[in-house]
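**Student:** Starting off with a structure, shown below.
The values are calculated or read from the model by the stated rules, or taken from the named source; none is laboratory data. Note that this is a predicted model, so its numbers are computed, not measured. Here the Cβ positions follow ideal geometry from the backbone for every residue, glycine too, while neighbour counts run over all protein chains shown.
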Amino acid sequence: MPTMTASTAPSTLIQAQDMGLTPDEFKSIEKILGRVPNFTEMCIYSVMWSEHCSYKNSIKWLKTLPKDGDQMLVKAGEENAGIIDLGDGIGCAFKIESHNHPSAIEPYQGAATGVGGINRDIFTMGARPIAQLNSLRFGDPEHPRTKWLLEGVVKGIGDYGNSFGIPVVGGEVFFDPCYQVNPLVNAMSVGLLDVNEIISATAKGPGNAVYIVGSDTGKDGIQGASFASKDITAESADDLPSVQVGDPFQEKLLMEASLELAKTDAIIGMQDMGAAGITCSTSEMSAAGNVGMDIYLDRVPLRQADMEPFEILLSESQERMLVVVAPGKEKLVEDIFKKWDLHAVPIGEVTEGDTINFFVANEIVAQVPASTLVLGGGAPVYEREYSEPSWFAESQAFNPDSVAVPSLKKALEIATDIICLPNIASKKWVWEQYDSMVGTLNRTTNRPSDAGVVSVRGSKKGLALTVDCNSRYVQADPEVGTAIAVAEAARNISCTGATPSAITNCLNFGNPYNTEVYWQFVGAIKGMTRACEKFKTPVTGGNVSFYNQTANEDGTSTSVFPTPTIGMVGILQDRDKHMSLDFKEKGELIFHLGEMSDCINSSEYLANIVGVKQSPAPKFNLTQEEALHVCIRELIAKNLVTAAHDISDGGLFTTLLEMSMPNLFGFDIVSDDELRIDGFLFGEAQGRIIVTLTEEDQDDFFDICDANKVGAVLLGHVTKGKIVVDEEHVGFCSELRAYYDNGFEEALDL
Amino acid sequence: MILRFPELSKMKIGVVTFPGSNCNMDIVHALRNNLQYEVVELWHKDSDLQGVDAVVLPGGFSYGDYLRSGAIARFSPIMEEVIKYANDGGKVLGICNGFQILCEAGLLPGTLMHNESRKFICKNVYLLPVSRTASISADLDDKAALKIPIAHGEGNYFLHEAELSELESNDQVIFRYCDENGKVNNSSNPNGSANNIAGVCNVGKNVFGMMPHPERACSEDLGNTDGLAILRGLETLIKA
């Protein structure tokens, strides 16, 4: 077998550098092994020590995030995903992950396998996924490539998730030229489990059999983890074989088989094969259980006949898992997989000690100590330098007086323009391609609300779910912008009546070796920590995606906006109290909760109507924000409001229109003389919610607002369909809805 | 309130699970918990219908639907039994992928092509009950639109002109897509289906198929109970 020689021949520094290792890292491997690693071993280290698997440039700061909370059952870093306790014996596992680099070059498969991977993380733990969310970012809406990427990503997410059968209950889509070459595709999955049936990703018990289950192993996705750990360049398309291919049907079978297995006592541990495939799952499971493994690569069912050992080890073929089976339960496991027409093949066994031996034809092709491969073990940990970029001070110097205040008439014309901008207009073109109702738990289909709300069967509870991040704010000020992302998520959850529980994060940044990018990263972590502590929402896990940037033709590069996407879960104790955002009755009063403001900083209006790209983050006060959330939850619990919707992207006018459209009502409001009209209508100052109520509830309403020290200002009332600002008739709701509904498709020529 | 035929309190409905079915649990939940029917879960490898009074084929992506939707499922062991059962006058309802399977199996006329937009569509639509002789829609008000969701990529019902007029004249159309006010027109047709057809039955009026998902509109929790009236048609059907 001539290929064996190549696989077991000593590797060279040049090969190692080609695969992304640094000279220092190569030296460390030599020191660990006490010899030069052979080619296969070097490949193993190259993927396990890649940014994607090792978090080597982020872990130092990630460890500072708050991870303790009353409801935590499984904390960050302990398992594939965090789990919170919902009570009634039910746990909720949830996690968000990026699939940016694959989606940049093959949007359909890149996005599809992102969906597959995140759901696998959830059901591997024994939880049945019940809801998905996603957060997507693309470049200039008018660029033809943007349309190609959008269509591919949306179809990829849809085709995979629709077939797999888990509803999409929320998400966001945002456009800015900074994402032109490097779009962001972040997918979140949420699952429920019986707290007594949590499956751990730990190998235990020397002698226990190790099985590979699910699909055959092929040459797709080899070294995907390394690919995700470098800059996207003009040559990235050469990495196309690094993109995996998804099969939602296999995944569906794998899920049903795994969940059936979770009900038995046959499993010691189980882990899905994502990045770095067999390598990562064997080493992480071994390291977690302080054991080793003997793995026979020639027993792995292959899709292609001529695969090298390193290809089998690094393959990222989808829809596979590694299972450590309890003694004597092998037949039970094999029968369950057979029922679902899936392979379950023993490929080795757990051993004493720390060493993983990989065999081919009974010859060792690689021998590595498991603990030296993994995060928290021997994987490198780096401290990176950071420095404040010069443009930060420039942004802070923005003076709103430099923007001329439009007349009321002009401002109302702008209002019609804003609701047509692709960042603001209806995204129904996107979400109608996703099955949002399968599973019959999604309460938001017929009750639109700020966060997706799903029923928790077997209890009175509901789960409120959201993903949020306005990356323009984070670009303006990483610390404040990230705190805003957490606050907005908590506000959205609170507007449904639910209480925020915990978050998962997806940290999308540029190259960590760029000190200015790292400054953004550190700021984001600090802001997230501050906000999560305030809202008592620990971080349960997530992922970091660096190297999101575009290499320009002149040799420079442009990073994406720092984008720390926040996925938040909240609990609604009584789901019958679920508050929706739509106006219910003509004549009801419209109130503004929180401090009135005309701050236009970093608003959609300032960036994309006025054209000022650099300004500070919008006005934000964490203490007031928390008081507002407590207040709105109390108002909802006491049935004192009939609708609630927070003011976010696009500002007050967009918020009121979104409340009008579901039932085709309108609004008649009066502005504030003290505030500039554009700031009043389109400003994005944080910490504000619009509510409606009946006249008879006014006194009780004010009592609660006063007790929570939250300002409440009467803006006007709900109309039958007319939209009026300061006695100026803007149009009928049906007319504006036509603009809002078509703006997205027109802007992108879909 | 749930109206029941007392003599039918023992009626049993079988729901088939194919590999890749993903609405099987939803229809089982609706029949069992929202309508209090007895439900028997049938497995695609079974060849025994266990004495059920009606069979429901649920939605999903049977066998991944990588070929034509429903094209492989029709060859599964359970389908051999379902085909025999239907040909003997047994009552069968296919929803979404179940409808596609029944068409592929030749138990229902027509074909479900890709949606006119070439995209998967998931949203609430409105249905007008049509047939006055097919028991599943006969008791429903033919002037009142029902709000029921769709979720499919291949729901564009096609039938050749001559067969289509035969279908219409035999009163085999059970539902048409309409607007909120019950008007049947082009703008209320979500997928390009011939004559806005959302559901049909066979000539014997014992086999039914529909693309929309009544099981997704069966509870206050979901904020929509319009699907209950449709699924209750199974009682009329079994009684018929």
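**Student:** Specify which of the listed residues (A:Asp741, A:Asp697, A:Asp672, A:Asp706) is in a loop (DSSP other than H, G, I, E, B), at pLDDT 95 or above and either over 25 Å from A:Cys469 (Cα atoms) or not small (Gly, Ala, Ser) (or both).
**Tutor:** Step by step, each of A:Asp741, A:Asp697, A:Asp672, A:Asp706 is checked, and only A:Asp672 is in a loop (DSSP other than H, G, I, E, B), at pLDDT 95 or above and either over 25 Å from A:Cys469 (Cα atoms) or not small (Gly, Ala, Ser) (or both).
**Student:** Let me ask another. Could you grab me the full set of residues in region B:21-39 that are outside any loop (DSSP other than H, G, I, E, B), more than 10 Å from chain A (Cβ to nearest Cβ) and surrounded by 16 or more Cβ atoms within 10 Å (Cβ to Cβ)?
**Tutor:** If the condition is that a residue be outside any loop (DSSP other than H, G, I, E, B), more than 10 Å from chain A (Cβ to nearest Cβ) and surrounded by 16 or more Cβ atoms within 10 Å (Cβ to Cβ), then B:Val28, B:Leu31, B:Val39 are the ones that fit.
**Student:** Give me the residue from region B:103-122 that is in contact (Cβ under 8 Å) with a residue 60 or more places away in the chain and touching a helix residue (DSSP H, G or I) at 6+ places or on another chain (Cβ under 8 Å) and, out of that set, farthest from the other protein chains (Cβ to nearest Cβ).
**Tutor:** B:Pro109
**Student:** OK, next. Residues being assigned to a loop (DSSP other than H, G, I, E, B), of a type in the set (A, V, I, L, M, F, W, C) and on the phi < 0 side of the Ramachandran plot: count how many of those fall in region B:59-116. Give the steps one after another, and end with the answer.
**Tutor:** Step one: of region B:59-116, the residues assigned to a loop (DSSP other than H, G, I, E, B) are B:59, B:61, B:66-72, B:76, B:88-91, B:96, B:105-110, B:114-116.
Add one more test, that the residue is of a type in the set (A, V, I, L, M, F, W, C), and what stays is B:61, B:67, B:71-72, B:96, B:105, B:107-108.
Then keep just the ones that are on the phi < 0 side of the Ramachandran plot; that gives B:61, B:67, B:71-72, B:105, B:107-108.
Qualifying residue count for the region: 7.
**Student:** What are the residues in region A:447-477 that are facing chain B (nearest Cβ under 8 Å) and small (Gly, Ala, Ser), if any?
**Tutor:** A:Ser455
**Student:** Name the residue, out of A:Gly439, A:Gly452, A:Gly462, A:Gly377, that is at positive phi and either touching a residue at least 40 places away in the same chain (Cβ under 8 Å) or under 31 Å from the mean Cα position of the chain (by Cα) (or both).
**Tutor:** On inspection, the qualifying residue turns out to be A:Gly439.
**Student:** B:Val125 - would you say it is closer than 16 Å to B:Asn195 by Cβ, of a type in the set (A, V, I, L, M, F, W, C) and within 14 Å of chain A (Cβ to nearest Cβ)?
**Tutor:** Yes; evaluated as a whole, the condition is true for this residue.
**Student:** In addition: Kindly list the number of the only condition in (1) surrounded by 16 or more Cβ atoms within 10 Å (Cβ to Cβ); (2) within 14 Å of chain A (Cβ to nearest Cβ); (3) under 12 Å from B:Val16 (Cβ atoms) that fails for B:Ala71.
**Tutor:** (3)
**Student:** Looking at A:Thr444, A:Thr440, which one is within 12 Å of chain B (Cβ to nearest Cβ), under 18 Å from A:Ile571 (Cα atoms) and among the hydroxyl-bearing types (Ser, Thr, Tyr)?
**Tutor:** A:Thr444
**Student:** If you check B:Ser62, B:Ser47, which single one turns out to be among the polar types (S, T, N, Q) and either closer than 18 Å to B:Asn202 by Cα or within 14 Å of chain A (Cβ to nearest Cβ) (or both)? Spell out how you get there, then give the answer.
**Tutor:** Numbers: B:Ser47 fails: either closer than 18 Å to B:Asn202 by Cα or within 14 Å of chain A (Cβ to nearest Cβ) (or both).
Only one candidate passes the filter, namely B:Ser62.
**Student:** Any residue at all in region A:125-148 that's more than 14 Å from every other protein chain (Cβ to nearest Cβ), aromatic (Phe, Trp, Tyr) and either within 29 Å of B:Asp65 (Cα to Cα) or touching a Gly at 6+ places or on another chain (Cβ under 8 Å) (or both)?
**Tutor:** For region A:125-148, residues more than 14 Å from every other protein chain (Cβ to nearest Cβ), aromatic (Phe, Trp, Tyr) and either within 29 Å of B:Asp65 (Cα to Cα) or touching a Gly at 6+ places or on another chain (Cβ under 8 Å) (or both): present.
**Student:** Is it the case, given these coordinates, that B:Val16 is in a loop (DSSP other than H, G, I, E, B), more than 14 Å from chain A (Cβ to nearest Cβ) and at pLDDT 95 or above?
**Tutor:** No.
**Student:** Now for a separate question. Sort out which residues of region A:333-358 are part of a helix (DSSP H, G or I) and either of a type in the set (D, E, K, R) or within 14 Å of chain B (Cβ to nearest Cβ) (or both), and write them in order of number.
**Tutor:** Across region A:333-358, the qualifying residues are A:Glu334, A:Asp335, A:Ile336, A:Phe337, A:Lys338, A:Lys339.
**Student:** Between a first residue in region A:475-487 that is closer than 18 Å to A:Ile689 by Cβ and a second residue that is among the hydroxyl-bearing types (Ser, Thr, Tyr) and in a helix (DSSP H, G or I), which pairs have beta carbons less than 6 Å apart while being 6 or more apart in sequence or on different chains?
**Tutor:** Correct list of pairs: A:Ile484/A:Tyr473.
**Student:** Quick one: is A:Tyr434 touching a residue at least 12 places away in the same chain (Cβ under 8 Å), among the hydroxyl-bearing types (Ser, Thr, Tyr), within 25 Å of A:Asp582 (Cβ to Cβ) and part of a loop (DSSP other than H, G, I, E, B)?
**Tutor:** Taking the combined requirement at face value, the residue satisfies it.
**Student:** Would you mind finding the one in B:Ala151, B:Ala144, B:Ala198, B:Ala194 that is modelled with pLDDT of 95 or more and either more than 18 Å from the chain's Cα centre (by Cα) or of a type in the set (Ser, Thr, Tyr) (or both)?
**Tutor:** B:Ala144 is the lone residue from the list that is modelled with pLDDT of 95 or more and either more than 18 Å from the chain's Cα centre (by Cα) or of a type in the set (Ser, Thr, Tyr) (or both).
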